[in-house]
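First the structure, in the form of structure tokens, and then the observations on it.
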């Protein structure tokens, strides 16, 4: 790769990376996003002009390099496996936890959740438009529209590139460069300039270091490459998928916003996940309560979202915690800390609410200036739900290994907010959803997956059954083409709301 990025014109390579990100070559399907992130993040360390012409052989060379992006890590993982073959079961579990998180960091970008991730980013950051404008010089609304404009512009071009001849023409003609004058036609020039200043890297910046495939990519936090009169967005898909996090560390780590704004932002993250959880459960349940307070005399505690039917109560606790970089790199202490803050605390709170119901306690529902006493039935099934704002790899599918489960309490259903959205859309009734929760209970020791929808796909195909398969068997589970098309169309509908007419 070093030879590649030093041999060719840097701008040619940036255009080639964008083309490769949409290449339908079957050998690239599992690696092209990670490979594009890796190559792009190293390419921008240079600013080379007038070098060897980038032709079809150069493009094929780049694809060959991309296909090998995982090789060193696969070798490392197998080596680690052999080193742990005689370890204790606890050591093996820790190793597996760390390894699965590293694999997630390498491979999982949330592409199935594209419109959901963008919607979440809007809910996280749009309430702070004025603070963005005053502190950064541009609003989040402007930022989102600029990135979506570039993304849609790229996608329209990429749809028409099917042949090698067209690929090379687009690369050599630098078809993906975006003139700043073009952006000024649609957006405030002052905001665009501040946005580019804040979120761009200049090619050849001496502060840029070599980046390995598992490292944090500089183009996540500064996604634009600034060539003066024009810019590039080398990673159009990963950048949009990363949008819920793109400004998170400006609030939390950089301390550029005042403490009151940071506190409000932190609270808003949890409130957003809580609000979405309520919205999704209302698709299935008639009675959904938000922020029930208890006990009535002192009101020390709060139940985030509570849904009840004839024989079932769902106690959902929502957290906006995201995985830290050290967790994504496999650090066990960091992983365990993130699990507790995102899932463990939610489980403890749900159990406390369940025990309050079992003891016949009352709840208080506040609506504007009114207060109302709520009595929840002590139903047969009382499910603790832990709702996360991020995919926690395989951990939710084996959550009983990571939490101290209370005796005679159900194992919590830990799920990220995007999968909860899909599952509540796909369940035809609350009865089916409850059956799915039961299916997860009785089979949780049988199935391990990095994707909750694998679990759900098996359930949709087989119903509420106890799996008799041996625990070491591997099963491949997939949804139908109709399912894929449905969620692809929902993504298209989300993008269609943007209208980029002239000023």
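Rule-based calculations on the coordinates, nothing more; no lab input. Predicted, not measured: the structure shown is a model, and the values here were computed from it. Ideal geometry is used to build each Cβ from the backbone, glycine not excepted, and the neighbour counts take in all protein chains shown.
Of note:
- For the stretch 196-252, the Kirkwood estimate of the hydrodynamic radius, built from every pair of different alpha carbons, is 12.2 Å.
- Tail fraction, Cα-Cα pairs, the stretch 308-366, threshold 16 Å, whole percent: 58 percent
- Stokes-Einstein diffusion coefficient of the stretch 48-199, Kirkwood radius over Cα pairs, 4 °C, 1.567 mPa s, in µm²/s: 64 µm²/s
- Ordering of 185-193, 4-12, 487-495 by packing [mean C-beta count within 10 Å, highest first]: 4-12, 185-193, 487-495
- Two-decimal ratio, the chain, of alpha-carbon radius of gyration to 2.2 N^0.38 Å: 1.05
- When the Cα gyration tensor is reduced to axis lengths a ≥ b ≥ c, the ratio a/c is 1.5 or higher for the stretch 263-468, and with a/b not above b/c it is classed as oblate.
- In degrees, nearest ten, helix 140-159 long axis to first principal axis of the chain (Cα): 60 degrees
- Normalised by 2.2 N^0.38 Å, where N is the number of residues, the alpha-carbon radius of gyration of the stretch 145-261 equals 1.19.
- For the chain, the relative contact order is 14 percent, taking Cα pairs closer than 8 Å that sit 6 or more residues apart in sequence and dividing their mean separation by the residue count.
- Overall shape of the stretch 25-101 was characterised from the C-alpha gyration tensor. The equivalent ellipsoid obtained from it has semi-axes of 37, 13, 10 Å, in decreasing order.
- For peptides 349-362, 50-63, sequence by mean Cβ density within 10 Å, most packed first: 349-362, 50-63
- Rounded to the nearest 500, the helix-only mean residue ellipticity at 222 nm of the chain stands at -15000 deg cm²/dmol, with each DSSP H run of n ≥ 4 adding -39,500 (n - 2.57).
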